[in-house]
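Scroll down for the structure; my scribbles are underneath it.
The values are calculated or read from the model by the stated rules, or taken from the named source; none is laboratory data. Owing to the predicted nature of the structure, the values given are computational and were not obtained by experimental measurement. Positions of Cβ are backbone-derived with ideal geometry, glycine not excepted, and every protein chain shown enters the neighbour counts.
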């Protein structure tokens with residue numbers, strides 16, 4: 001009986017379970033090192049194939065095999081010197097991309113200089129210039145591509161509901177497409193209880209644009225229509241430095257249509273470390289005025 005239950009659980013397939021299984025397998029196989037090594041080796045083969053239009057002469061074919069260990073060692077050494085081995089792939093972003101490209105350039109330049117020096121003594125045995133140019137481009141594409149793919153798998157896994165019986169996520173509309181709104185999107189991206197439908201911003205240049213993969217749906221005076229059209233459950237103010245009159249206008253609109261409204265912490269609360277930007281709270285009276293509330297003792 002126990003064995004039949006285990007077999008049934010093994011055969012049960014869910015998207016979340018499948019992605020978690022892939023993650024465990026990759027981690028167990030020390031995937032980053034293996035993948036990067038494979039990318040270097042395959043890219044060298046492809047560089048020779050592209051340089052010779054798919055018909056690699058026998059000598060260059062042997063040269064490719066002979067150079068494989070040296071090229072792999074050089075790229076992995078450059079990667080380690082620049083700290084790429086400490087990268088967490090599912091948080092791979094623009095800064096990590098720059099460091100990855102820099103590591104590739106360092107290794108490629110070192111190999112190119114070595115090829116020039118070698119060619120000074122054995123000109124007929126030098127590596128073709130085309131291969132020296134094509135290979136770093138392929139390695140860059142392979143390394144950054146695998147890292148962004150890993151990040152996409154991670155984000156996809158975070159977005160999958162924990163179970164089919166889980167409640168539908170609360171639909172969130174962000175008012176303000178500035179830095180506060182973007183930071184909130186980053187913090188809430190893995191929250192399965194909230195689904196951000198887009199931004200609202202009064203800047204006409206942002207209308208219809210995409211920010212962090214989310215659309216800017218319109219201006220604040222269209223808020224009522226957007227809440228109804230997109231079935232919004234909660235409106236969140238993401239403009240801690242905006243005038244109190246602007247925040248009050250949005251709060252009044254939300255009150256008239258009966259939708260919940262919250263706000264990100266003020267700049268002073270964030271800077272003083274009292275609250276994180278993702279710690280949403282209800283709108284208070286002092287958020288809608290230029291004054292703080294005063295408590296009177298009886």
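Among the residues of segment 52-71, those identified as under 22 Å from residue 31 (Cβ atoms) and surrounded by fewer than 17 Cβ atoms within 10 Å (Cβ to Cβ) are 68, 69. Within segment 78-99, the residues that satisfy the criterion of being under 20 Å from residue 145 (Cα atoms), in a helix (DSSP H, G or I) and touching a helix residue (DSSP H, G or I) at 6+ places or on another chain (Cβ under 8 Å) are 78, 79, 84, 85, 89, 90, 91, 96, 97, 99.
Identify all residues within segment 187-203 that are in a helix (DSSP H, G or I) and surrounded by fewer than 16 Cβ atoms within 10 Å (Cβ to Cβ); write none if there are none. Scanning segment 187-203 gives a single hit, 187. Restricting segment 104-139 to residues that are free of Cβ contacts under 8 Å to residues at least 24 places away in the same chain and outside any helix (DSSP H, G or I), the residue that is surrounded by the fewest Cβ atoms within 10 Å (Cβ to Cβ) is 122. Within segment 227-247, the set of residues being surrounded by fewer than 19 Cβ atoms within 10 Å (Cβ to Cβ) and at pLDDT 85 or above comprises 228, 229, 230, 231, 233, 234. Considering segment 204-213, and only residues there that are modelled with pLDDT of 85 or more and under 18 Å from the mean Cα position of the chain (by Cα), the residue that is surrounded by the most Cβ atoms within 10 Å (Cβ to Cβ) turns out to be 211.
Just one of the numbered conditions (1) within 15 Å of residue 43 (Cβ to Cβ); (2) not in a helix (DSSP H, G or I) is not true of residue 167: (1).
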